[in-house]
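Notes for the one structure printed next.
The values are calculated or read from the model by the stated rules, or taken from the named source; none is laboratory data. All values derive from a computational prediction rather than experimental measurement. FYI the Cβ positions are ideal-geometry reconstructions off the backbone, even for glycines, and counts take in every protein chain you see. Each accessible area value is taken on the protein alone, full model and side chains, heavy atoms only, with ligands, DNA and RNA left out. Shrake-Rupley method; radii C 1.70, N 1.55, O 1.52, S 1.80 Å.
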Amino acid sequence: MLANTTPHTSDEHRIVTFPKKGTRSAPQGKITLQEVTFQDAEFSKVAHRGVKALNHEIPILILGETGAGKEVLARTLHNDSCRGSSPFVALNCAAIPEGLIESELFGYTDGAFTGARRGGMKGKVQLADKGTLFLDEIGDMPLDLQARLLRVLQDRRVTPLGSGKEIPVDITVICATHRDLKQMVAEGTFREDLYSRLNGMTIRIPSLRKRSNFDDFVHHMLRIEAGHDHNIRIDTGLMEALSSYRWPGNVRQLQTVLKTCVAFLEEGENLITQEHLTEDFREELSSNRHFQFTEGNCAGKGKTLKSAEAEHIRKVIASTGGNISASASALGISRATLYRRLQNAGMEAELTARD
């Protein structure tokens, strides 16, 4: 029973990256399946099958860790399907208070409850008519609402709160979750009949740390964040650390890290090193819990990220015969930045090198 509540209003987001979660309406821009799957042949094959599934009214269940890009994939599947020109309407079941999900999903009439908007409000199901309804974090939907959602999907009719009138809807459904729905069904916290209804086809998004093309993907994301400057690159030692990191926030976390690094570059710099990381993230990379250099990389076994950079700088200076200007150019940094790093690393001997 809803009382003294004000329905959550939707925010619009232009889909150009992996957005934060919330309640959203149709995207203002488009991203291609090729960009989403990026050189992952198996993922690409499954994703293209997903478009075929949507075209045949088969519901899709997307599984993946937080930040892996589940909504971006859902929007892309919709855009490439026969319903691409119709609405894509998203509802995050975990981002809205339990007492408001029902009104957000099914809508309500004028005076349905205290605080209801005058004239009522269309729910997400009705707004998605002729298009696609995306239910993110479906595993967080309250059990009592699961039964009503199942009825809507079976009957293709929705009854707004406070109304006795059924409204026909024509929708395809994509759901996503990071939870183990099979386990939830076994525990009785998710309806088995709804799970069967939603699981027409399952697509698993690989976590960032499990991508076989990790380095290429990082450089691809760096080009996006760097914009017009395609000369920006990542230090070899730092890339080793990034590839060994567990990335709990997946692609969304990677975007934030790269965006920060690009912002911290000094004028004339085009090489991202550990100095361009935030202090907190640099500590994570340097901790033994997440990373330890292995034999054969630029640091040597067991060395820290800071010592790896220092050793790399020494090698570059030696290769230029001690020419600071040439060394700075080879490192992709300014002379002033090189001097500062030498001082911070306690490399006084290198400061006597000639220009």
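Key figures
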{"read-out": "Area of Lys315 that stays accessible when all protein chains are in place (1.4 Å probe, Å², to 10)", "value": "110"}
{"read-out": "Cα-based Kirkwood hydrodynamic radius, the stretch 181-289, one decimal, Å", "value": "16.3"}
{"read-out": "Cα gyration tensor shape for the stretch 105-186, rounded if a/c is under 1.5, else prolate or oblate", "value": "prolate"}
{"read-out": "Ranked by how many other beta carbons lie within 10 Å on average, peptides 62-71, 38-47 from highest", "value": "62-71, 38-47"}
{"read-out": "Rounded if a/c under 1.5, otherwise prolate or oblate - the stretch 81-219, Cα gyration tensor axes", "value": "prolate"}
{"read-out": "Solvent accessible area, Å² - Ser329, 1.4 Å probe, full protein context", "value": "90"}
{"read-out": "Greater than 25 Å apart at Cα, pairs in Lys124/Lys210; Lys130/Lys182; Lys30/Lys259; Lys70/Lys210", "value": "Lys124/Lys210; Lys130/Lys182"}
